Each structure stands twice: as C-alpha cells, then as structure tokens.
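See below for the structure under consideration.
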C-alpha cells in the first residue's frame, strides 16, 4: 500500500500495530508464558519504536544543522566580499538577503554559487589591476601591493 500523506502513513502504522500487538497475548498464552513476559515484551516494543523515531528525528536535525552551517559560511563570505567591494558590488543582482528568503537549505545553498563566483572573480581582477593601471596616468603613483593588502584585510 502506497501512503501519500503523513496522516495516512500514521493511520496505517497505527492499524498495523494494533492488529499485530493484539496477537501477542494469545501467542503468549499458547506458549504458557507468565503475564510479566507479555508486559516485558510490550515494553521492549515500545522502547524500540520510541528509539527508532528519536534516532530518525536526531538524524534529520543534524542534516538541517549541517545545511545551516554551509549556508551561513557562504553567506558570511558574501557579506565580507560585499563589504570589501562597497560600491563595486552594485552590479550583483542577487543578494544575501534574497538567498535567506529561501527556507529549503539545499536549494538556498545551490543558489549561492553565482553570487560567490562574482566575488571570487574580483580578487583575480584586482591582481590584474597593476598591469591595467600602468597604462593609466592617474593610477601610476599608487602602490598596488598596499591596495591588495587592504583588500585581503577587509575580506578576512
């Protein structure tokens, strides 16, 4: 049977547990087991079910936490680059604020690469700036090592 909703899965599980656990007392009676064995067995079933559900919930919580950390790391990098670039980042059409609107973490993370590509290209362009600037009479007096050092400090 294919269950399509949470409610139908829970109803199916409840039906199965009810029908199957109702068989246990008669099986115990046929085996001549004491009443305490029935209680012990039902307690073991209860503990196993609770433990299985708790483990699954903890597994999903860990996954969510991992995705949150991945997204936060990328978003922090974007914010640092945005702060370092200042007005030069105005051409970016996708912002960290827009990323944060997405509540599904794997989608949110997959949408961040275009933004990070832009920010990762900027340092490469910055390294080419001294070569480009030597052709400009306005920029010939600048110490490009200091410019790169300032950029590195502002993104750290």
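Derivation of every value follows stated rules applied to the coordinates shown; laboratory data play no part. As the structure is a prediction and not an experimental result, all values here were calculated from the model. A quick note on method: Cβ atoms are made from the backbone with ideal geometry, for glycine too, and the neighbour counts reach across all protein chains shown.
Would you please give the FRET efficiency between residue 83 and residue 63, computed as 1/(1 + (r/R0)^6) with r the Cβ-Cβ distance and R0 = 25 Å, to the nearest 0.05?
0.25
Full-extension gain between residue 110 and residue 56, please, as 0.36 nm times their residue separation minus the C-alpha to C-alpha distance.
16.9 nm
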